[in-house]
Amino acid sequence: MSRTELDVWRSFLRAHAHLTRVLESELLAAQQLSLASYDVLVQLAEAPGQRLRMTELADAVLLSRSGVTRLVDRLEKHGLVARARVDSDGRGVVAVLTQQGFERLKGATGTHLTGVARHFAAPLDEAELAALGRTCERLAEADPGSDWVTQSGRNPATYPQLARNSDKTPI
């Protein structure tokens, strides 16, 4: 991995962390709603029948199954989400957006979208936004089994200080 590649990766991580912190703080201050809670409500609102299996919801919001279960527990206590059994599968459980959850989502959407426009879109011009969109789509759709290192001609072995040491246990 080159120094430029590592710098870009770290810059991407810093930007993501900064944007999510800012958007989270704005949602909490204005709506008393976390970014993760907002995301769950959005995913349910956009799902067919405004319901998703818990595993599908966990995948959609990028949380672990136990993490989404705890979050849905909290949202259910506030009346924003309900749980229901899957008709075709007595063991399956879906999270369902309630009317109260839908109303709460409508109220929070203006705060969130204003923040996205201000902190994400506004600092970039149209060409930068388009390029970033194409780049993110390419990364999101990349086959995890593909050997991009070989295809790109980059050889991590030429950077021994960054190469993996198979004798060490991951931390």
TODO: Could you tell me whether the stretch 17-37 includes any residue that is under 14 Å from Val96 (Cα atoms) and in contact (Cβ under 8 Å) with a residue 24 or more places away in the chain?
DONE: yes
TODO: Could you list, in sequence order, all residues of the stretch 64-78 that are exposed (fewer than 13 other Cβ atoms within 10 Å of the Cβ) and either in contact (Cβ under 8 Å) with a residue 12 or more places away in the chain or touching a Ser or Thr at 6+ places or on another chain (Cβ under 8 Å) (or both)?
DONE: Arg65
- [ ] Find all pairs meeting these conditions: Cβ atoms under 9 angstrom apart; at least six residues apart or on different chains; first residue within the stretch 79-104 and under 18 Å from Thr69 (Cβ atoms) and surrounded by 11 or more Cβ atoms within 10 Å (Cβ to Cβ); second residue among the small types (Gly, Ala, Ser) and modelled with pLDDT under 90.
- [x] Arg85/Gly92; Val86/Gly92
TODO: Starting from residues that are under 20 Å from Ser2 (Cβ atoms) and of a type in the set (Lys, Arg), keep the ones in the stretch 112-171 and report whichever is modelled with the highest pLDDT.
DONE: Arg138
- [ ] For the stretch 53-82, enumerate the residues that are over 15 Å from Ala36 (Cα atoms), of a type in the set (Lys, Arg) and modelled with pLDDT of 95 or more.
- [x] Lys77
Task: Which numbered condition Pro123 misses (of (1) within 18 Å of the chain's Cα centre (by Cα); (2) in a loop (DSSP other than H, G, I, E, B)) - done: (1)
Open item on the list: Of everything in the stretch 1-51, what is surrounded by 11 or more Cβ atoms within 10 Å (Cβ to Cβ), part of a helix (DSSP H, G or I) and among the hydroxyl-bearing types (Ser, Thr, Tyr)? Give them in sequence order.
Closed with: Thr20, Ser25, Ser37, Tyr38
Task: the stretch 67-114: number of residues that are touching a helix residue (DSSP H, G or I) at 6+ places or on another chain (Cβ under 7 Å) and assigned to a loop (DSSP other than H, G, I, E, B) - done: 2
- [ ] Being assigned to a helix (DSSP H, G or I) and under 13 Å from Ala95 (Cβ atoms) is the filter here, so list the residues in the stretch 52-66 that pass it.
- [x] Met54, Thr55, Glu56, Leu57, Ala58, Asp59, Ala60, Val61, Arg65
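The values are calculated or read from the model by the stated rules, or taken from the named source; none is laboratory data. All values derive from a computational prediction rather than experimental measurement. Cβ: placed from backbone, ideal geometry, glycine included. Neighbour counts: every protein chain shown.
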